[in-house]
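Engineer: What follows is a single structure, and I will ask about it in a moment.
The values are calculated or read from the model by the stated rules, or taken from the named source; none is laboratory data. Everything quoted here is computed from the prediction, not taken from an experiment. Here the Cβ positions follow ideal geometry from the backbone for every residue, glycine too, while neighbour counts run over all protein chains shown. For the accessible areas, the whole protein counts, side chains as well, though only heavy atoms, and no ligand, DNA or RNA atoms are used. Shrake-Rupley method; radii C 1.70, N 1.55, O 1.52, S 1.80 Å.
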Amino acid sequence: MRSPTFCLAALLLIAPLTAAPGNRVVVNLEPTPGNPRNSEGSFVTLKSGRILFCYSQFYGGHQDESPARIAEIHSDDRGLTWSQPRLLFDNGSNQNVMSVSLLRLASGKLAVFYAVKRDAWRDCHPVMRVSSDEGASWSDPRPVISAPGYFVLNNDRVIQSSKGRLIVPVAFHRPRGTADERDSFDPRAIALWYTSDDEGVSWKESSSWWAMPVASRSGLQEPGVVELADGSLFSWARTDQGCQFGFRSRDGGDTWSPPEPTEMKSPVSPSSIRKLPGSDALLAVYNDHSGRYLFPRGRRTPLVAAVSEDGGATWPRVQLLEDDPSGWYCYTAIHFVGDAVLLGYCAGDYPGHGLDRLRIRRFDLAWLSEPQPPALNALATKARSILHRIVASDQTFVKIHAAESLTPFGEAEPVRRLFLAERPQNEESAYRVGVWRVLSATAHSESERAQWVRKVEEVFLAPAYPNRIQALETLCKVRDRLSGKTLEAARELAAGKNASDEVMALWALQICGEPGALPRLAAALGSADPEVRLRVGYALRWLHPSDPATLHALATAADAELPQTRAYPYVVGAAFSSGADPARLESWRSKLMGILERGTEDARFEACQSLMPSLTQADLPRLAALLDNDSESDTRIGAARCILSLESRPGADRAPVHHE
């Protein structure tokens with residue numbers, strides 16, 4: 001049966017889109033009104049050297065259940081440029097056809113597998129077709145699974161083992177009802193494997209099948225499989241547990257070990273794995289949420305290429321492919337072309353259109369082995385990872401503290417991009433003033449900075465807003481010289497009856513050069529209210545006063561402050577960081593180091609900020625202990641920032657900063 005060869009309307013960019021040597025995007029297959037989604041596919045090389053890429057082309061919407069067909073493009077120059085699309089298989093009377101796997105069989109024939117949906121939510125089955133003439137014509141489709149139900153075979157998943165066995169990993173979703181509607185579909189999948197020893201003439205189900213061993217809303221979805229160097233098999237599935245789960249088989253896929261968490265930390269998004277040619281190593285492409293890179297929680301970004309040399313147990317060599325926090329990268333096909341790798345994957349835009357754009361990237365295999373800069377020690381990499389995870393997961397001001405601990409150390413731009421991508425939810429958050437503070441600090445221009453500062457000023461000028469004082473603190477931290485209504489509001493606050501709020505206003509007025517502001521701050525160190533003294537110490541640490549009278553008052557207050565008060569780390573820290581009295585610096589440093597050992601979370605965080613310039617590598621063991629304090633996020637942030645500060649000093653070995 002010969003497939004149609006007429007051309008389809010599509011927008012295909014065929015010239016290389018980036019010029020970076022050894023790693024570039026060669027195709028973006030863009031959606032159009034008549035073709036709203038181009039997504040997941042698979043590669044195969046013909047005997048002529050031509051490379052085919054077949055993929056799902058949607059024409060009646062961009063949801064998984066929308067009408068779709070299988071299209072193909074080809075390259076005759078090892079994947080550098082590509083043809084316009086043509087139709088390969090229409091969907092006939094089915095709901096759609098999608099998710100292609102191409103395979104060169106041991107017999108020399110070509111095989112293509114894809115999913116056929118007879119309706120949207122109850123009936124999905126993989127089928128196989130074979131070509132004996134290099135894809136010029138194809139056999140009629142034959143089912144892989146005869147049982148009724150919804151069986152998901154992802155793209156680029158089918159393999160043939162070294163012994164000639166075909167292995168098809170699928171996820172089975174049970175029906176919840178009889179109607180063809182979303183509520184009838186159970187997303188909690190079980191993992192199954194089907195095998196054939198006669199190149200698809202007959203199939204049998206493996207003896208093992210597995211459900212998720214813990215409570216889960218995803219189950220074991222979209223499994224894949226790869227043959228390892230010793231002939232055993234490794235399979236994996238995406239989950240909602242923060243990582244891929246893995247299985248192993250030592251009998252060709254007849255039985256499988258129970259699912260266990262792997263080191264591939266990821267959202268609910270599939271991983272793709274292939275064995276590297278001429279090597280026992282594995283190449284995986286997946287969304288890395290380990291904390292190695294900044295990542296927005298729950299999204300399919302960043303995308304990395306990782307190498308394992310121990311059968312998928314660990315993935316120590318990692319290179320970044322995509323890191324746009326507004327991107328959506330998944331369903332990757334991997335194909336080797338000489339000394340290069342082709343990746344075909346979804347590269348759409350979040351939210352709502354993540355699967356609509358198809359991208360093909362080409363990189364040299366040598367790129368995977370490019371050396372990365374050495375770390376100061378493992379702590380620097382660990383510190384960044386912890387900060388990345390906090391930024392991704394926390395929904396309080398702790399998120400801001402973590403972000404501000406990254407921006408001075410080579411990650412201002414990734415943090416800025418992430419916060420811009422998260423603006424819709426952040427604009428309504430309790431910590432939005434902090435978001436604007438970060439965006440003002442990482443702005444590309446003075447006008448962009450002013451945009452975020454104005455938003456903070458608007459909050460300060462709204463007396464009923466509960467975070468008004470927080471907004472004033474932010475204006476102080478970004479060194480905003482108040483003027484007009486904002487300045488008058490600060491003066492009014494400084495003359496008010498709330499002594500704690502008065503301190504924050506005096507901080508702002510001192511930045512503006514207001515006469516008398518600094519002496520009033522120094523006088524407030526003698527307040528009977530520890531909250532007032534705390535705020536004065538905090539403000540003076542930021543102001544770094546050099547006025548002798550202020551330094552004398554600060555030194556006196558630091559010696560008088562009792563260790564059990566909340567103000568203690570702030571007043572002592574301000575005295576130490578300002579050098580209020582050189583003769584007492586060692587005493588104050590000893591007190592701050594004691595706070596690191598025995599203080600509260602807030603106290604430890606403040607002590608870290610005060611001590612940071614004076615710390616040396618001899619202090620790393622103490623910082624390492626703080627970094628492991630899982631119950632105190634701000635303590636970990638303070639320690640991480642100190643470690644990154646040590647790393648950034650001239651002459652220190654530096655850990656890699658993971659962004660493009």
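Engineer: State the percentage of accessible surface on the stretch 426-470 attributable to carbon and sulfur atoms; use a 1.4 Å probe and exclude ligands, DNA and RNA.
Structural biologist: 51 percent
Engineer: Let me ask something else. Return a whole-number percent for the relative contact order of the stretch 46-167, with Cα pairs under 8 Å and 6 or more residues apart as the contact set.
Structural biologist: The value is 18 percent.
Engineer: Sort the following peptides by mean Cβ neighbour count (other Cβ atoms within 10 Å, averaged over residues), highest first: 420-429, 136-145.
Structural biologist: Ranking the peptides 420-429, 136-145 by packing returns 136-145, 420-429.
Engineer: Just the projected area, averaged over all directions, of the convex hull on the alpha carbon atoms of the stretch 375-423: how many nm²?
Structural biologist: Approximately 3.3 nm², given one-decimal rounding.
Engineer: Starting from the coordinates of the alpha-carbon atoms of the chain, obtain the Kirkwood hydrodynamic radius over all distinct pairs and give the value in Å to one decimal.
Structural biologist: In the chain this quantity evaluates to 27.8 Å.
Engineer: Tell me, what HN-Hα J-couplings in whole Hz come from the Karplus equation 6.51 cos²θ - 1.76 cosθ + 1.60 at θ = phi - 60° for each residue of the stretch 137-144, using x for Gly and Pro?
Structural biologist: 3J(HN,Hα) across the stretch 137-144, in whole Hz: 8, 9, 5, 5, x, 10, x, 7.
Engineer: So for the stretch 408-489, what percent of the C-alpha to C-alpha distances run longer than 19 Å?
Structural biologist: 35 percent
Engineer: Hey, can you find the accessible area per residue of the chain for me, probe 1.4 Å, expressed in square angstrom?
Structural biologist: Accessible area per residue, the chain: 39 Å².
Engineer: Test of understanding: express the Cα radius of gyration of the stretch 364-473 as a ratio to 2.2 N^0.38 Å, with N the residue count.
Structural biologist: 1.28
Engineer: With the crude spin-label approximation of a point 7 Å out along Cα→Cβ, what separation in nm comes out for T255 versus S546?
Structural biologist: Reported label-point gap for T255 and S546 is 7.8 nm.
Engineer: Further question on the same structure: What is the calculated FRET efficiency for R479 to E586, with r their C-beta to C-beta distance and R₀ = 30 Å, to the nearest 0.05?
Structural biologist: 0.45
Engineer: Also, quick follow-up: Within the chain, how many Lys pairs sit with Cα atoms under 26 Å apart, leaving out pairs fewer than 8 places apart on the same chain?
Structural biologist: Pairs that pass both the separation and distance tests number 23.
Engineer: Sort 575-581, 488-494 for me by packing, meaning the mean count of neighbouring Cβ atoms within 10 Å per residue, highest on top.
Structural biologist: Listed from highest to lowest mean packing, they are 575-581, 488-494.
Engineer: I need the calculated FRET efficiency for the pair S139 and A366, taking r as the beta carbon distance and R₀ as 56 Å, to the nearest 0.05.
Structural biologist: Efficiency for this residue pair is about 0.90.
Engineer: Moving to a separate point now. Rg to Rh for the stretch 113-192: what is it, with Cα atoms only and Rh by Kirkwood?
Structural biologist: Here the Rg-to-Rh quotient is 1.04.
Engineer: Could you tell me what percent of the accessible area of the stretch 52-142 is made up of carbon and sulfur, with a 1.4 Å probe and every protein chain present?
Structural biologist: Of all accessible area on the stretch 52-142, carbon and sulfur atoms account for 47 percent.
Engineer: Each residue of the stretch 27-41 in turn: what ³J(HN,Hα) in whole Hz from Karplus with 6.51, -1.76, 1.60 and θ = phi - 60°, glycine and Pro shown as x?
Structural biologist: Karplus-based 3J(HN,Hα) across the stretch 27-41 equals 9, 10, 8, 7, x, 9, x, x, 9, x, 8, 10, 8, 2, x Hz.
Engineer: If each residue of separation counts as 0.36 nm, what is the full-extension length gain between E427 and S232 once their alpha-carbon separation is subtracted?
Structural biologist: 65.1 nm
Engineer: Each label point is 7 Å from the Cα along the Cα-to-Cβ direction; what then is the distance between the points at S207 and R182, in nm?
Structural biologist: The modelled label-to-label distance comes out at 4.2 nm.
Engineer: Over the Cα atoms of the stretch 212-279, compute the convex hull volume and normalise it per residue, giving Å³.
Structural biologist: Spelled out: Cα convex hull of the stretch 212-279, divided by residues, is 85 Å³.
Engineer: May I ask you to give the percent of accessible area on the stretch 529-660 that is carbon plus sulfur, with a probe radius of 1.4 Å?
Structural biologist: 52 percent
Engineer: Need the full-extension length gain, A625 to D349, defined as separation in residues times 0.36 nm minus the C-alpha distance. One decimal, nm.
Structural biologist: That works out to 95.3 nm of additional length.
Engineer: With a sphere of radius 11 Å drawn around the Cβ of P267, what net charge do the other residues whose Cβ falls strictly inside it have (Lys, Arg +1; Asp, Glu -1)?
Structural biologist: +3
Engineer: Follow-up question, since we're still on this one. K109 versus S162, label points 7 Å from Cα toward the beta carbon: distance in nm?
Structural biologist: Result: 2.5 nm between the two label points.
Engineer: Same structure again: Find out how many positive minus negative residues lie around Q221, taking Lys and Arg as positive, Asp and Glu as negative, among other residues whose Cβ is under 10 Å from that of Q221.
Structural biologist: 0
Engineer: Using the alpha carbon gyration tensor of the stretch 457-560, what are the three equivalent-ellipsoid semi-axes (square root of 5 times each eigenvalue), largest first, in whole Å?
Structural biologist: Over the Cα atoms of the stretch 457-560, the ellipsoid semi-axes are 23, 14, 11 Å.
Engineer: Taking the highest mean first, how do the peptides 379-392, 296-309 order by number of other beta carbon atoms within 10 angstrom per residue?
Structural biologist: Packing proxy ranking, top to bottom: 379-392, 296-309.
Engineer: Per residue of the chain, what 222 nm ellipticity follows from adding -39500 (n - 2.57) for every DSSP H run with n ≥ 4, rounded to the nearest 500?
Structural biologist: Mean residue ellipticity, 222 nm, calculated: -9000 deg cm²/dmol.
Engineer: Could I ask something else about it? Would you kindly derive the ³J(HN,Hα) couplings of the stretch 330-343 from the backbone phi angles with the Karplus curve 6.51 cos²θ - 1.76 cosθ + 1.60 (θ = phi - 60°), listing them in order in whole Hz, with x for Gly and Pro?
Structural biologist: 5, 6, 8, 9, 10, 8, 9, 10, x, 9, 10, 10, 9, 10
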